[in-house]
Amino acid sequence: MTSVIFLGLVAALLLLALGIPIYLVLMGVASTLLVMEGRTIAGLGQHVLDHLRSPIPISVPFFILSAVLM
């Protein structure tokens, strides 16, 4: 598992050094790591929706709002 994360980090840094836009780098590395983990790209939407139901993404806008109001 650690070697896969290290490989993803090295790939991301290499692609960024080549001048590829960051959104393409993040999409490519994330997709590659998902496939290496054994998940399918088609299940990515369900995976994102499952994690959006947690209270953490809801708290981020309120945290930013409180910082702005300070």
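Not counting ligands, DNA or RNA, and with a 1.4 Å probe, what is Met36's accessible surface area in Å² rounded to the nearest 10?
For Met36, the solvent-accessible surface is approximately 100 Å².
Once phi is turned into θ = phi - 60°, what whole-Hz ³J(HN,Hα) does the Karplus curve with 6.51, -1.76 and 1.60 give for every residue of the stretch 35-41, x standing for Gly and Pro?
Result, ordered by residue: 5, 5, 6, x, 8, 9, 5 Hz.
Mind checking the angle between helix 2-17 and the chain's longest principal axis? C-alpha axes, 0 to 90 degrees, to the nearest 10.
Tilt relative to the chain: about 90 degrees.
Can you give me the solvent accessible area of Ile58 with a 1.4 Å probe, rounded to the nearest 10 Å²?
The value for Ile58 is about 100 Å².
Roll a 1.4 Å probe over the protein chains and send me the accessible area per residue for the chain in Å².
Result: 84 Å² of accessible area for each residue.
Per residue of the stretch 22-34, what does 6.51 cos²θ - 1.76 cosθ + 1.60 with θ = phi - 60° give for ³J(HN,Hα)? Whole Hz please, x for Gly and Pro, Karplus curve as stated.
The phi angles translate into 5, 5, 6, 5, 5, 5, x, 5, 5, 5, 5, 5, 5 Hz.
So how far apart, in nm, are the two label points at Leu26 and His47 if each is 7 Å from Cα heading toward Cβ?
Here the modelled spin labels are 1.6 nm apart.
Would you list Thr2, Thr32 from the most to the least accessible area, probe 1.4 Å?
Thr2, Thr32
Ignoring ligands, DNA and RNA, how do Arg39, Arg53 rank by accessible area with a 1.4 Å probe, largest first?
Sorted by accessible area, descending: Arg53, Arg39.
Can you list, bin by bin at 5 Å, the percent of alpha carbon pairs in the chain, starting at 0?
Cα pair-distance distribution for the chain, in percent: 3, 14, 16, 15, 17, 16, 12, 6, 1, 0.
Under a crude label model (7 Å from the Cα following the beta-carbon direction), how far is Ala67 from Leu13 in nanometres?
For Ala67 paired with Leu13, the spin-label model returns 2.6 nm.
Roll a 1.4 angstrom probe over the protein heavy atoms and tell me the percent of accessible area of the chain that is carbon or sulfur.
For the chain, the apolar C and S fraction of the accessible surface comes to 79 percent.
The values are calculated or read from the model by the stated rules, or taken from the named source; none is laboratory data. Source: prediction; values computed, not measured. Counting neighbours? That spans all protein chains shown, and the Cβs are built from the backbone with ideal geometry, glycine included. Keep in mind that these areas ignore ligands, DNA and RNA; they rest on the heavy atoms of the full protein, side chains included. Shrake-Rupley method; radii C 1.70, N 1.55, O 1.52, S 1.80 Å.
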